[in-house]
1. Heavy-atom accessible area of R216 with all protein chains present, probe 1.4 Å, nearest 10 Å²?
2. Starting from the amide H of I82, placed 1.01 Å from N in the peptide plane, find each other amide H under 5 Å away whose residue is 5 or more places distant or on another chain.
3. To the nearest 500 deg cm²/dmol, what mean residue ellipticity at 222 nm is calculated for the chain from DSSP H runs of n ≥ 4 alone, each contributing -39,500 (n - 2.57), summed and divided by the residues?
4. Mind giving me the FRET efficiency for S256 and S50? R0 is 22 Å, r the Cβ-Cβ distance, nearest 0.05 is fine.
5. Looking only at the stretch 21-255, where both bridge partners belong to it, what percent of the DSSP beta bridges are antiparallel (to the nearest 5)?
6. Can you pull out the GluC sites (Glu not before Pro) in the stretch 227-326 whose DSSP state is coil and whose Cβ has at most 15 other Cβ atoms within 10 Å?
7. Considering the chain as a Gaussian network with a 10 Å cut-off on Cα pairs, which listed residue, L43, L277, L20, attains the greatest mean-square fluctuation?
8. Which residue, M69, M280, M345, tops the fluctuation ranking in a GNM of the chain built on C-alpha contacts under 10 Å?
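The values are calculated or read from the model by the stated rules, or taken from the named source; none is laboratory data. This one's a predicted model, so the numbers in the text were calculated from it and none came from an experiment. Every residue, glycine as well, gets a Cβ built from its backbone with ideal geometry; the counts of neighbours run over all protein chains shown. Ligands, DNA and RNA are excluded from the accessible area calculation, which covers all protein heavy atoms including side chains. Shrake-Rupley method; radii C 1.70, N 1.55, O 1.52, S 1.80 Å.
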Amino acid sequence: MILLNPGPVNLSARVRQALLQKDLCHREIEFSQLQSRIRNQILQVYNLTSKYWAPILLTGSGTAAVEAMLASLVPRNGRLLIIENGVYGERISKIAQIHGIEFDILHHSWGEPIDFDLLTKFLDSHFEITHLAIVHHETTTGRLNNLEELAQVCYDRNIKILVDAVSSFGGEEINFQAWGITACAATANKCLHGVPGTAFVVCQRAALPSSEIIPRTLYLDLGTYCRYQDEGATPFTQSPQIFYALTEALQELEDSGGWRARHANYAQLAVHVRNGLVSMGISPLLPQEHSSVVLNAYHLPNNFTYEAFHDSLKSQGYIIYAGQGNFAKSIFRVSTMGAISITDMERFLEVVKQMTNS
Ligand SMILES: *Cc1c(COP(=O)(O)O)cnc(C)c1O
């Protein structure tokens, strides 16, 4: 089965094989070494130094990392501005509400670009904003939000940026230093091609809360995780098997040329699919220059409900992904992540062509 959903992804043979290594206790030196290795590998993806940056590993899916980042890094006397232009931005607002974080929302319709005029007007009349949360790649629509421009706006106003990079880390450019990013949440099982179950936050060490502050959450407190992990320990049980797969997946990423090579590979697959679908009269939701290379959304072909289109593709070996909310009946999504090749995409296009011709 070829997974064209945005994670979990098709595993490479070497990552799948890595799951079968020996059992480990998470309080033994072997686990500690494995954890430290993964932390270093995560920093290496974007060439970050451990002096200033802390990679913090959690057991959970991507949302656990996003929730940990928000609950741990916005202080009680801070105020967060959340930019919404899709499901995942709106999820950040729910997280902020649940944890009692003081926040405002800059809402956009799903798929809309960030309205920078509106943003700067808002910030220039709300000096109490200390942090801003943004989804880098809005997987709802495939829109890649403009972090570079956003970074400048925040830098000028001394606002800290917290990024949900769950579906971009490892596949898109994230210029931590130049964009002045404070923290970024991500997961093992999207662009890094690992197994679901481990998520992480890469955080400026200077932004971590001190141990004197009572955290908003016990299990998701990044300060606690970081203090333990810097000592080679872990506050709670982690999954050794998922760690085995993640270290192998990160090694595979490095062996294959790092995030730039992965980005180029995704771009090749995405452009191939886009051109192929357009030639069959299936049009993309967003223009290419606003889209990530990780996932693109398309209008459903005429005469197909999503269910019929999905089920027919599934019976021929391809899993596409539905739209969410208002898009549920009108779009489908195709991701390029995971161990899939241009040949897989060519066959996918062939199958779509036969389905839409008949
Ligand atoms: C996948 C994803 C998440 C996390 O979803 P989980 O189901 O918790 O892994 C968060 N943000 C974005 C942008 C995503 O694509």
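1. Accessible surface of R216 is approximately 60 Å².
2. D104, I105, L106, A133
3. My calculation for the chain gives -12500 deg cm²/dmol from helical runs alone.
4. Calculated transfer efficiency: 0.40.
5. Of the beta bridges lying entirely in the stretch 21-255, close to 45 percent run antiparallel.
6. Listed in order of number, the matching sites are E231.
7. Of L43, L277, L20, the Gaussian network model singles out L20 as fluctuating most.
8. Fluctuation is largest for M280.
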